[in-house]
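Heads up: the structure comes next, in structure tokens.
The values are calculated or read from the model by the stated rules, or taken from the named source; none is laboratory data. Keep in mind it's a predicted model, so treat the numbers as computed, not measured. Cβ coordinates were reconstructed from backbone atoms using ideal geometry, including for glycine residues, and neighbour counts include every protein chain displayed. Calculation scope for accessible area: heavy atoms of the full protein, side chains included, ligands and nucleic acids excluded. Shrake-Rupley method; radii C 1.70, N 1.55, O 1.52, S 1.80 Å.
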Amino acid sequence: MNAFYQWLNALVNKNKSDFAEWSEINWVNPYNSENFQKHRDLLLKKIDNSILFKETKPYYNHISEGCKICGLGKWSCLFITNKCNAKCFYCPAPQNIDEVPSTQGMDFENPTDYANYVCYFDFDGVSFSGGEPLLYFERTLKYLQKVRKICKTDIYTWMYTNGILADKVNLNMLASEGLNEIRFDIGATGFNLDKIKYAQGIIPNITIEIPAIPEEKDKLIRLLPEMEKLGVTNLNLHQLRLTHHNAANLINKGYTIVNVEKPIVLESELAALEIIEYANANSINIGINYCSFFFKHRFQKAGFRKQIADMLAPKEAMITQNGYIRELDSNSITYKALKLYQDNSHQMNLKTVDIHGKQYYYDEKIVLNRKDLTQSDIQQINQLIKKEPNEIPNDPLLFNIWQLEYIEKGLRNY
């Protein structure tokens, strides 16, 4: 078994161990995967293989500016709260406790500190998420105001909401403070579009962003013309993901679960692609994209690693496509990842960075350290680094290096 398949097998074993208490999970298997795979391949062919970001984001027509910034790794997502006022069956987390606004494991109680952080690391976009940001509207507004006041004038801002608390008053206030885009999860309101009317003509870009729920596919297709009339510019479809919080709900739906880094719903992907195929065949004017698990897992993580490394690593550091720092000499290779902290309680001897008078801390975590390499090893490594290979390396060491150098291409086979 080559290195890639060994790694995939390890993911299977880990997922089945993590979810062992749910013996009734319908994991994808060799007896049904072939038909699913043929159907997906046909759908991708029908949409002319229009796929962005190393073939992880199938789309139709166009994607929003926020999605472009996300894919380029220039985006900071601030979770205003972890509390939500909806009870969506697919939600991956409880979301029942209000907490301090946070991003990437760091809390930002002060809106000014957050805006300074965004400026220092030169993010091009900021989103406000949750939980539900409109539960704490004044808080959300203050963070938006500070980002607009302190950061570069062309920074792109958007907010995620279930829309339950949306009205003309709060949407007008957000628009007046420069919110560029609003994203409604209409799955939280039974696919009702009424609240979107409040945003029409007020917020420049209106997006519907929801998980692709297989049994709601036809309903969503029927709503596409109405979305157009209401000024919806984009429809973003996420892939459903299995978690310990939503496992019982997803199992009851009878979904087929795919083993990857985190378990995902196979039928959710097919539903998203079928909606895109319908829009393509019927010349719908809305931009639609499928935000696959692979896009989010690979590009969002790599983007943040690279953004931090670009600012904090030494100028001569070699930063890989996947956002790791590479150190290579005549007989060894090391890869490191930078980790940023808001205090130094995690460990001793952390490095510091001053952002407008506030101290942050970071360290270099070694993720691969191989010594005593042969001359043949070094030659193969240099060849791998010089040009991204078309095929995934079979050799275990080269496979590990390939994972740290490059963002994996494409949607994996079932």
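Couple of notes before you dig in:
- Qualifying residue in segment 243-259 (condition: over 22 Å from the mean Cα position of the chain (by Cα) and under 30 Å from residue 201 (Cα atoms)): no
- Across segment 218-233, the qualifying residues are those that are in contact (Cβ under 8 Å) with a residue 40 or more places away in the chain and within 19 Å of residue 267 (Cβ to Cβ), and the one among them that is surrounded by the most Cβ atoms within 10 Å (Cβ to Cβ) is 220.
- The criterion of at least 3 residues that are surrounded by fewer than 13 Cβ atoms within 10 Å (Cβ to Cβ) is met, among strands (runs of 3 or more DSSP E) falling completely within segment 315-414, by 351-355, 358-370.
- The number of residues in segment 113-126 being of a type in the set (S, T, N, Q) and closer than 19 Å to residue 179 by Cβ comes to 0.
- Subset of segment 270-290 that is in a helix (DSSP H, G or I) and open to solvent by 40 Å² or more (accessible area, probe 1.4 Å) - its residue that is nearest to residue 33 (Cα to Cα): 274
- Any hit, segment 95-102, residues being surrounded by fewer than 16 Cβ atoms within 10 Å (Cβ to Cβ), under 30 Å from residue 253 (Cα atoms) and without any contact (Cβ under 8 Å) to a residue 24 or more places away in the chain: yes
- Counting only helices (runs of 4 or more DSSP H) that sit completely within segment 32-126, those holding 3 or more residues that are over 19 Å from residue 159 (Cα atoms) correspond to 33-46, 111-120.
- Residues in segment 27-38 that are open to solvent by 40 Å² or more (accessible area, probe 1.4 Å) and within 25 Å of the chain's Cα centre (by Cα): 36 alone.
- Selection status of residue 267, open to solvent by 20 Å² or more (accessible area, probe 1.4 Å), under 20 Å from residue 57 (Cα atoms) and touching a Pro at 6+ places or on another chain (Cβ under 8 Å): yes
Results for (1) of a type in the set (Ser, Thr, Tyr); (2) crowded, with 20+ Cβ neighbours inside 10 Å; (3) touching a strand residue (DSSP E or B) at 6+ places or on another chain (Cβ under 7 Å), shown as yes or no for each residue.
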| residue | (1), (2), (3) |
| --- | --- |
| 142 | no, no, no |
| 147 | no, yes, yes |
| 157 | yes, yes, yes |
| 167 | no, no, no |
| 179 | no, yes, yes |
| 184 | no, yes, yes |
| 190 | no, no, no |
| 216 | no, no, no |
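- Pairs, first touching a residue at least 12 places away in the same chain (Cβ under 8 Å) and under 17 Å from residue 271 (Cα atoms) in segment 12-40, second among the polar types (S, T, N, Q) and part of a loop (DSSP other than H, G, I, E, B), C-beta under 6 Å, six or more apart: 37/413
- Annotation for segment 296-311: no member residue is open to solvent by 30 Å² or more (accessible area, probe 1.4 Å) and closer than 27 Å to residue 31 by Cα.
- Test: residue in segment 51-74 that is open to solvent by 90 Å² or more (accessible area, probe 1.4 Å) and over 21 Å from the mean Cα position of the chain (by Cα): no
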